[in-house]
Amino acid sequence: MTFKEGFADDLQNVFFDLDEFASEHTIDGKTYTCVVTRLDQSEGKMSYGLMHSTLNPKEHEINKATHVIYIRTADLSRKLSARANIRLDGKNMLIQDIDKVEGVTILYVGDFEM
């Protein structure tokens, strides 16, 4: 087995395994197998400087990512982008940043009230 094959196997059979790290969460009404972690306030990802000039001043917005969502890119039913709103398990969230690494989409999201 090559390194890439082993990596892909670990992603599928360990990281996204419901008995290991992953759990089922609902994003915009669709259930996904993903890993959701909560950041504490000291390690939250700041995006205020990047987003301050693009936010509608009438919106109430928390400018620190509070959760990180790891989801298989192939599982996503639509393209997600920064500054898009999603509903994670019935709660409004704002995507503040997105990374893609080896078939995994990483969403940095923060609580959002409208």
TODO: Could you run the Karplus curve 6.51 cos²θ - 1.76 cosθ + 1.60 with θ = phi - 60° over segment 91-101 and give me ³J(HN,Hα) per residue in whole Hz, x for Gly and Pro?
DONE: 10, 5, 9, 10, 6, 9, 7, 9, 10, 10, 9
TODO: Mind giving me the FRET efficiency for VAL14 and ASP89? R0 is 25 Å, r the Cβ-Cβ distance, nearest 0.05 is fine.
DONE: 0.60
TODO: Ignoring everything but the protein chains, give the 1.4 Å probe accessible area of THR31 in square angstrom, nearest 10.
DONE: 80
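How much net charge surrounds THR2 when only other residues with a Cβ under 14 Å from its Cβ are counted (Lys, Arg +1; Asp, Glu -1)? All intermediate terms of the calculation are to be shown ahead of the outcome.
On the way: positive: LYS4; negative: GLU5, ASP9, ASP10, GLU102.
The answer is -3.
The values are calculated or read from the model by the stated rules, or taken from the named source; none is laboratory data. Nothing here was measured: the structure is a model prediction, and the numbers come from that model. Every residue, glycine as well, gets a Cβ built from its backbone with ideal geometry; the counts of neighbours run over all protein chains shown. Note: accessible area is taken over every heavy atom of the protein model, side chains too, but ligands, DNA and RNA are not part of it. Shrake-Rupley method; radii C 1.70, N 1.55, O 1.52, S 1.80 Å.
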